[in-house]
Amino acid sequence: MLELAWPWLLAALPLPLLAAWLLPRGRTASAHALRLPHPGLRLDEAAQPAPVPAWRRWLALAAWSLLVIAAARPQWLGPPEDIARTGRDLLLAVDTSGSMSIEDMQLGATTVPTPRFNAIQAIGADFIERRKGDRVGLILFGSRAVPAGAADVRPRHGRRPAARVGDRSGRP
């Protein structure tokens, strides 16, 4: 069903008609508007301005009406729909203190030591990607706990929250 969020704005629809009716008409240009210093010189009487064509008036009224109706925010509202939710709500807490920069972790088959934080980033991103249908939130803690990502099924910035964490400062 079509509803207006701000129906009281429709009271502005008659404003152009009220303005045309209440405001005084503009003066037409005349020869008396400009005085020449030479008495023998005269300007021709200024031609009357051409009346505004009717189609322009109708176009202006239509534009005003559409503008006011758009400002009233028409919304198509239907019956409420239930969203089926499956899965679990999970919160992942990740340490971001200085000890996470120690290079004593190995990822996969590599023998090169990796900082702990990078390992947690990779493992956490893989864990989150496997949790189809679950809502996963992320909490970073170092000197204080900071929620870095809300529990959500959909990634917001193209990646899940664990993949967005770039620094170890405890700030998102």
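The values are calculated or read from the model by the stated rules, or taken from the named source; none is laboratory data. Everything quoted here is computed from the prediction, not taken from an experiment. So basically every Cβ, Gly included, is an ideal-geometry build from the backbone, and we count neighbours across all protein chains shown.
Observations
- Meets criteria (modelled with pLDDT of 85 or more and touching a helix residue (DSSP H, G or I) at 6+ places or on another chain (Cβ under 8 Å)) for ALA72: yes
- The residues of segment 64-97 that are part of a helix (DSSP H, G or I) and without any contact (Cβ under 8 Å) to a residue 40 or more places away in the chain, listed by number, are LEU66, LEU67, ALA70.
- Of all residues in segment 112-130 being surrounded by 15 or more Cβ atoms within 10 Å (Cβ to Cβ) and not in a helix (DSSP H, G or I), the one that is modelled with the lowest pLDDT: THR114
- Restricting segment 19-40 to residues that are surrounded by 10 or more Cβ atoms within 10 Å (Cβ to Cβ) and modelled with pLDDT of 65 or more leaves a set whose member that is nearest to VAL52 (Cα to Cα) is ALA20.
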